[in-house]
Amino acid sequence: MMRFHISHLACAAAIIGAVFGAAPPVAAADQMTHVVFPGQSIQRAVDAAEPGDTVLVTPGTYRESVTVSTPGITLSGMGRGTVIEPGTDKAATDSCAAQGNGICVIGTKDHDVEGVTVASLTVTGFAKAGVFAMATDGLTVRNVTAVKNGVWGIAQERSVRGVFRKNTARDNGDAGLFLANTIKEEAGATDTGGTVVARNRLEGNRIGITVRRLRNLTVADNHLTGNCAGVFVVGDENKPRAGALTVRDNTLVRNNKSCPKTARLDALQGSGIVLTGAEDTLVTHNRVIGNAGASPLSGGIVLFKSFVGTTSERNRITDNTLEGNAPADLVNTDTGKDNTFTHNTCRASKPAGMC
């Protein structure tokens, strides 16, 4: 780790110039860039950083977990060649590492950590999540590659105003991107304050994007392929209900991987967009092609009564383009009220008459 030590100044300046351009804007006097080289500790640099600082991690493989709890800092690699993998210290007491996560951005029960950015690096091989965030406000995760993590690629709970943009999540055990109100307890859906999930690529996961018990959120312009299911909006009997969000302009193609049943969810295969136990959600201008399977949740766009019996109500599925999905392009097995299917381009629906 280095806080611009004189002996490394020229090298650090060259690296920063390469990342931020030949003539980067002059930083404020109280903002510093901490450069980390292979063999050095990312965590030490993060611990030394103050609000407004950047921790810049040069290409190489770093075997450690990193916890960020300082507001306003940026933790950035230099692209996919900056790789964070699990450490080899079996006795690690750091809670992020002990819980099997790669990068943790963590606030407290009483105060969210604000304005943190995680960018331009790879997290791979962690038992739980590549990136895990809790109690954050305004977290940005961009250009992160999360590959072959045991549960989630990138996950967040109890947080507001997040931005997840241009990430790649591939071959993770559960969701590539997982956003929830809270994981360990029953509670009503929370308002995310306008969280945005946009222009991400999700491939080969159990579920591409899971939005669980949340409201006021946009999922837009993502590309999802090769997952067991593309986008899952999940609600239940708790109040407020999940929903009041938008799923738009996404491309979901051949999410036909087969995943077995779990304690919480039936077997999955061939699901494009699934709404279960949700209300007041707009699903519009999505391209949903070739998602086919024999699961109760299979189909292009599917409304399904939640497994605790909660129906979906007042959802609008409109102006989508669907082709080659099975058992149908549009599937509604929900008994909820006032769900509408209008102006969709499709060939087959279940029940018939929705195309």
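The values are calculated or read from the model by the stated rules, or taken from the named source; none is laboratory data. Nothing here was measured: the structure is a model prediction, and the numbers come from that model. FYI the Cβ positions are ideal-geometry reconstructions off the backbone, even for glycines, and counts take in every protein chain you see.
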Next on the checklist: Name the single residue that is surrounded by the most Cβ atoms within 10 Å (Cβ to Cβ) among those in the stretch 72-131 being among the charged types (D, E, K, R) and either in a loop (DSSP other than H, G, I, E, B) or without any contact (Cβ under 8 Å) to a residue 40 or more places away in the chain (or both).
Outcome noted: Asp112
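Which residues, taken from the stretch 313-349, are assigned to a strand (DSSP E or B) and either of a type in the set (Asp, Glu) or at pLDDT below 95 (or both)? Break it down into steps so the answer makes sense when it comes.
Our first condition is that a residue be assigned to a strand (DSSP E or B); within the stretch 313-349, this holds for 313, 316-318, 321-323, 326, 330-332, 340-342, 345, 349.
Answer for the stretch 313-349, where residues must be assigned to a strand (DSSP E or B) and either of a type in the set (Asp, Glu) or at pLDDT below 95 (or both): Glu313, Glu323.
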Next on the checklist: Being within 15 Å of Asp266 (Cβ to Cβ) and either of a type in the set (A, V, I, L, M, F, W, C) or in a loop (DSSP other than H, G, I, E, B) (or both) is the filter here; which residues of the stretch 290-302 pass it?
Outcome noted: Gly293, Ala294, Ser295, Pro296, Leu297, Ser298, Val302
Checklist outcome for this item: Over the stretch 280-296, the set of residues modelled with pLDDT under 95 and either in contact with a strand residue (DSSP E or B) (Cβ under 6 Å, 6 or more places away or on another chain) or of a type in the set (Lys, Arg) (or both) is Ser295
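Pick from Val197, Val144: which is farther than 19 Å from Leu245 by Cβ and not in a loop (DSSP other than H, G, I, E, B)?
Working: Val197 fails: farther than 19 Å from Leu245 by Cβ.
The unique qualifying residue is Val144.
Quick grid of which residues meet (1) over 21 Å from Arg165 (Cα atoms); (2) surrounded by fewer than 21 Cβ atoms within 10 Å (Cβ to Cβ):
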position	(1), (2)
Thr210	no, no
Leu214	no, no
Gly230	no, no
Asn250	no, no
Leu282	no, yes
Asn286	no, no
Ala294	yes, yes
